[in-house]
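Right, one structure below, let's go through it.
The values are calculated or read from the model by the stated rules, or taken from the named source; none is laboratory data. Quantities reported herein were computed from a predicted structural model and do not represent experimental measurements. Virtual Cβ from ideal backbone geometry, glycine too; neighbours counted across all protein chains shown.
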Amino acid sequence: MRDRIVIIGNGMAGLKLVEELEAIAPGRHALTVIGAEPVPAYNRVLLSSVLAGETTRDAIALRPADWYRDLNCALRLGDPAVALDPATRTVSLASGATLTFDRLVLATGSLPIRLPLAGADLPGVVTFRDFADLDAIEAAAATGRGAVVIGGGLLGIEAAVGLAGRGVPVTLVHLMDRLMERQLDARGAALLARALEARGITLRLGAQSAGIEGDRHVTGLRLAGGEVLPAGLLCMAVGIRPETRLAAAAGLAVGRGILVDDRMQTSVPGILAIGECAEHRGTVYGLVEPAYAQARTAAATLAGRDAAYQGSILATNLKVSGLPVFSAGDFLGEPGTEAIVFEDRPLGHYRKLVIRDGRLVGAVLVGDAGDGLWYLDLIRDGRPISSIRRDMVFGRSFCEAA
């Protein structure tokens, strides 16, 4: 009989695992994928583009249901796992069904964080994580009463840009003094802020949310100083936390995420974890690239091959409000580092390269991120850059021509 493998989670990590496993061991396993949402996996990164009307839900779908059927992979959608029993090797679903497995992979992803503010349970207070959230946002945005988005990280900016793209007046509130502080330095964040303001988004930086106004529906956000920002929609986009409840209830070792080793194996033999729910060497990654790398390692582990995930260098490479943004490694510059900075203010281009001991260890690019992946390779390889140090801020083609 074929090895019965159950994958809990049909997000981007879970789908990548199916693709990788079928690529290296086609037909060798009896696969079952459990998805909490009623639709197959889609690209969550593009939710804001759907919100803005720039693309459609169908366009961001990654694989149709027929693709799973062609692989003889059982796909159970809209029926989330509610209990896991490692002793009996069974998974219980919300529908009452019970599945038996030989090995199992947890790809349960993350949950959006909801701030514990008074009024947070009012209609019109939403998060921004999945299609259900998108439905709620679109319904509230249709009232035309304006929106407040809490959170100046990537999720919050995506939500604000999407709403602005629909013509909704948006105020973006952020506790920190600059946007995307985990990915950008002060100058890069200032350029991003200028691009958002050009889209009609009002920014309130260094502002603390104190409570949500409203009776039967949200009417505004009250700041710590007492000011109320009026809105008929309030979107909390302040971050995510790993979905570990199923694993913890089953007795698996859990920290911030589900603890895994270099083979993506949890504390229980035969049960693996990947993606946003997994904690590897003390780090929980909330990005797609590490999730895909973990999926490749998990596939090799399940197929009986040698593989080890060594961790990922965090990198961000995207367009925010049409502005290319890239950052990787130690972009702020810890003590003992030096920085090379280039800025073309009329074009809105900014580059900062951080060097330690003759090697590139971090980079920030705003406005022109075309060389981002080249800089990332230099950071990952850790090779000396003395021969290109003078020219490298101008990019790969300049260095190769020099």
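In table form, for the structure just shown:
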{"item": "Residue in segment 170-185 that is surrounded by the fewest Cβ atoms within 10 Å (Cβ to Cβ), counting only those that are out of contact with any Lys or Arg (no Cβ under 8 Å at 6 or more places or on another chain) and not aliphatic (A, V, I, L, M)", "result": "Asp177"}
{"item": "Hits in segment 293-338 - residues which are over 30 Å from Arg194 (Cα atoms) and assigned to a loop (DSSP other than H, G, I, E, B)", "result": "Ala303, Gly304, Arg305, Asp306, Ala307, Ala308, Tyr309, Gln310, Gly311, Ser312, Gly336"}
{"item": "Close pairs (8 angstrom Cβ cut-off, 6 or more residues apart or separate chains): surrounded by fewer than 20 Cβ atoms within 10 Å (Cβ to Cβ) in segment 250-274, outside any strand (DSSP E or B) and among the aromatic types (Phe, Trp, Tyr) anywhere", "result": "Asp262/Tyr309; Arg263/Tyr309"}
{"item": "Residue, nearest to the chain's Cα centre (by Cα), within segment 329-366, restricted to residues that are modelled with pLDDT under 95, of a type in the set (Gly, Ala, Ser) and within 30 Å of Leu46 (Cα to Cα)", "result": "Gly329"}
{"item": "All positions within segment 46-102 that are farther than 14 Å from Gly9 by Cα and of a type in the set (Asp, Glu)", "result": "Glu54, Asp58, Asp66, Asp70, Asp85, Asp102"}
{"item": "Criterion violated by Leu62 - all others in (1) within 20 Å of Leu17 (Cα to Cα); (2) among the aliphatic types (A, V, I, L, M); (3) over 20 Å from the mean Cα position of the chain (by Cα) satisfied", "result": "(3)"}
{"item": "Residue match in segment 19-26 (condition: assigned to a loop (DSSP other than H, G, I, E, B) and outside the structural domain of Asp130 (by TED's automatic domain parsing))", "result": "yes"}
{"item": "Condition broken by Lys16, with the remaining ones in (1) charged (D, E, K, R); (2) under 30 Å from Arg216 (Cα atoms); (3) surrounded by 18 or more Cβ atoms within 10 Å (Cβ to Cβ) satisfied", "result": "(2)"}
{"item": "Any strands (runs of 3 or more DSSP E) falling wholly within segment 40-145 and containing at least 2 residues that are hydroxyl-bearing (Ser, Thr, Tyr), in the same structural domain as Ala291 (by TED's automatic domain parsing) and touching a strand residue (DSSP E or B) at 6+ places or on another chain (Cβ under 9 Å)", "result": "90-93, 98-100"}
{"item": "Unmet criterion (only one of (1) acidic (Asp, Glu); (2) surrounded by 14 or more Cβ atoms within 10 Å (Cβ to Cβ); (3) outside any loop (DSSP other than H, G, I, E, B)) for Glu37", "result": "(3)"}
{"item": "Matching residues in segment 275-303 - criterion: being free of Cβ contacts under 8 Å to residues at least 40 places away in the same chain and within 20 Å of Gly329 (Cα to Cα)", "result": "Glu279, His280, Arg281, Gly282, Thr283, Tyr285, Leu287, Glu289, Pro290, Ala293"}
{"item": "In segment 1-49, the residues that are more than 21 Å from Ala97 (Cβ to Cβ), among the basic types (Lys, Arg) and more than 23 Å from the chain's Cα centre (by Cα)", "result": "Arg28"}
{"item": "Selection from segment 349-402 of residues that are in contact with a Lys or Arg (Cβ under 6 Å, 6 or more places away or on another chain), closer than 26 Å to Ala186 by Cβ and without any contact (Cβ under 8 Å) to a residue 24 or more places away in the chain", "result": "Trp374"}
{"item": "Candidate set from segment 93-119 (those that are among the small types (Gly, Ala, Ser) and surrounded by 15 or more Cβ atoms within 10 Å (Cβ to Cβ)); member that is farthest from the chain's Cα centre (by Cα)", "result": "Gly119"}
{"item": "Count of residues meeting criterion [surrounded by 13 or more Cβ atoms within 10 Å (Cβ to Cβ) and part of a loop (DSSP other than H, G, I, E, B)] in segment 343-381", "result": "5"}
